[in-house]
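These notes concern the structure reproduced below.
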Amino acid sequence: MELKPRRKVIVAKEVGFCFGVKRAINLTKQALSERGDVFILGDLVHNKRVTDELEGKGLRKVEDYQDEKGTMVIRAHGLPKARIQEAKDQGLEVVDATCPIVLRAQEAAQTLERDGYQVVIVGDRNHAEIKGILGALEQPALVVDNLEELREAKANYTLMRKVGVIFQTTHALELCNQIVNEMLMMCKEIRIINTICRPVQNRQDDAVELASKVQLMVVVGSRTSANTVELAALCRHYNTETVQVQNADELEYTVFRDCNVVGLASGLSTPEDLVEAVRQKILFYDAEPAAPEPALATA
Ligand code: SF4
């Protein structure tokens, strides 16, 4: 018997892994099938289901490589080049799964430095990608993540007059715009290389459009995934009825019970089947039993 949908769900144009995450997972699986001892610094992606699966195939997660042997996988976020060299010098095999878009951001920073600009990175200094970019430079760069940090840098004289700006690849364009706009009043010369990842930007634009026209917006992805948290915050800006869930079990019935139209989007490290499970739940789930048929009057 075909189930009748209880409500309408509009899914964003692209959900599931981005190509950089897919590539990193495939390279890791290949290394696991071809080599003996494979390890990684930290999690390959910010999704427990995926990391559990890879660890089940033998991937070891370690804090540092100093005492390790075998093959080291570099995550899509990249690693400072000095550390990669150090690992190779130690005799480790290296499988470099750094996303090509992240590599381009590193090269953009190097170009700006070579051309005499103070490199300013708009991003989170604790994020692995930013550490990789900083590690690709000869000189220290300035990292700012919000207007307060920028103003502080200006007050401390750590912001120069001739700056070259790049962005964390997963950052929201709106936030980057605000920071650059303020910089225009502080600096004499600004060169910008737009390093925001196009797939990320497309997803953000699409999700914002979707969030503006549905009753409820659901964003699926891990709470440790920066791009998912940022996507949910962006959607919430356009629709206060936005929730982020890690899987279908976390989505409470009362949240979507009274909605006719729900929007659905995902972070870049969320497996597509988790999104599909959430879609199915919103479409068909109904916790309240159907009202009993009225009893037929008997003569
Ligand atoms: S979000 Fe963009 S930059 Fe990051 S891994 Fe995916 S494709 Fe690469």
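Observations on the structure shown:
- Helix 19-34 and the long axis of the chain differ in direction by around 80°, with both axes built from C-alpha atoms.
- Taking amide H positions as modeled 1.01 Å from N, with prolines and chain starts lacking one, the residues under 5 Å from residue 94 and 5 or more places away or on another chain are 72.
- Nearest-0.05 FRET efficiency for residue 90 and residue 202, computed from C-beta distance (R0 30 Å): 0.15
- When +1 charges are put on Lys and Arg Cβ atoms and -1 charges on Asp and Glu Cβ atoms, the dipole computed for the chain relative to its Cα centre reaches about 600 debye.
- Extension gain for residue 60 to residue 252 (0.36 nm times residue separation, less C-alpha to C-alpha distance): 65.7 nm.
- Count Lys and Arg as plus one, Asp and Glu as minus one, and take only other residues whose Cβ is under 11 Å from that of residue 133; the net charge is then +1.
- Dipole moment magnitude, nearest 20 debye, region 93-199 about Cα centre, only Lys, Arg, Asp, Glu C-beta charged: 380 debye
- Gap separating the Cα centres of region 221-266 and region 56-97, nearest whole Å: 35 Å
- GNM result for the chain, Cα springs below 10 Å: residue of 72, 217, 185 fluctuating most strongly: 185
- Fully extended contour minus Cα-Cα distance, from residue 157 to residue 276, at 0.36 nm per residue: 37.8 nm
- Helical content alone sets the calculated 222 nm signal of the chain at -12500 deg cm²/dmol, taking -39,500 (n - 2.57) per DSSP H segment of four or more residues and averaging over every residue.
- When restricted to Cα atoms, region 19-97 yields an Rg and a Dmax of 11.5, 33 Å, respectively.
- Dipole-positive endmost among 58, 82, 41 within the chain (Cβ charges, Cα centre): 82
- With neighbours defined as other Cβ atoms within 10 Å of a residue's Cβ, the residues 173, 184 order from fewest to most as 184, 173.
- Estimated vicinal HN-Hα couplings, Hz - region 165-172 in sequence order (Karplus 6.51, -1.76, 1.60; Gly, Pro = x): 10, 10, 10, 4, 4, 9, 6, 6
- For the chain, the residue among 102, 269, 11 whose Cα projects farthest onto the positive side of the dipole built from Cβ charges is 102.
- At q = 0.12 Å⁻¹ the log10 of I(q)/I(0) for the chain amounts to -0.87, computed by Debye summation with a single uniform scatterer per C-alpha, solvent ignored.
- Applying the Karplus relation 6.51 cos²θ - 1.76 cosθ + 1.60 with θ = phi - 60° to region 252-266 yields 3J(HN,Hα) values of 7, 4, 4, 5, 10, 3, 9, 8, 9, 10, 10, x, 9, 9, 9 Hz, where x marks Gly and Pro.
- Residues 222, 266, 212 arranged by fewest to most Cβ contacts within 10 Å: 212, 222, 266
- Sum of side-chain charges, residue 88 neighbourhood, beta-carbon under 11 Å (Lys, Arg +1; Asp, Glu -1): -2
- 3J(HN,Hα) from dihedral phi, region 49-64, Karplus parametrisation 6.51/-1.76/1.60, rounded to Hz, x for glycine, proline: 4, 5, 5, 4, 4, 5, 5, x, 8, x, 5, 9, 9, 10, 7, 8
- Difference of contour (0.36 nm per residue) and Cα-Cα distance, residue 53 to residue 240: 63.9 nm
- Charged-residue dipole, Cβ positions (Lys, Arg, Asp, Glu), region 19-97 about Cα centre, Debye nearest 20: 380 debye
Coordinate-derived values only; no laboratory data. Every value quoted in this text rests on a predicted model; they were computed, and no experiment measured them. Don't worry about glycine lacking a Cβ; one is built from the backbone with ideal geometry, like all the others, and counts go over all protein chains shown.
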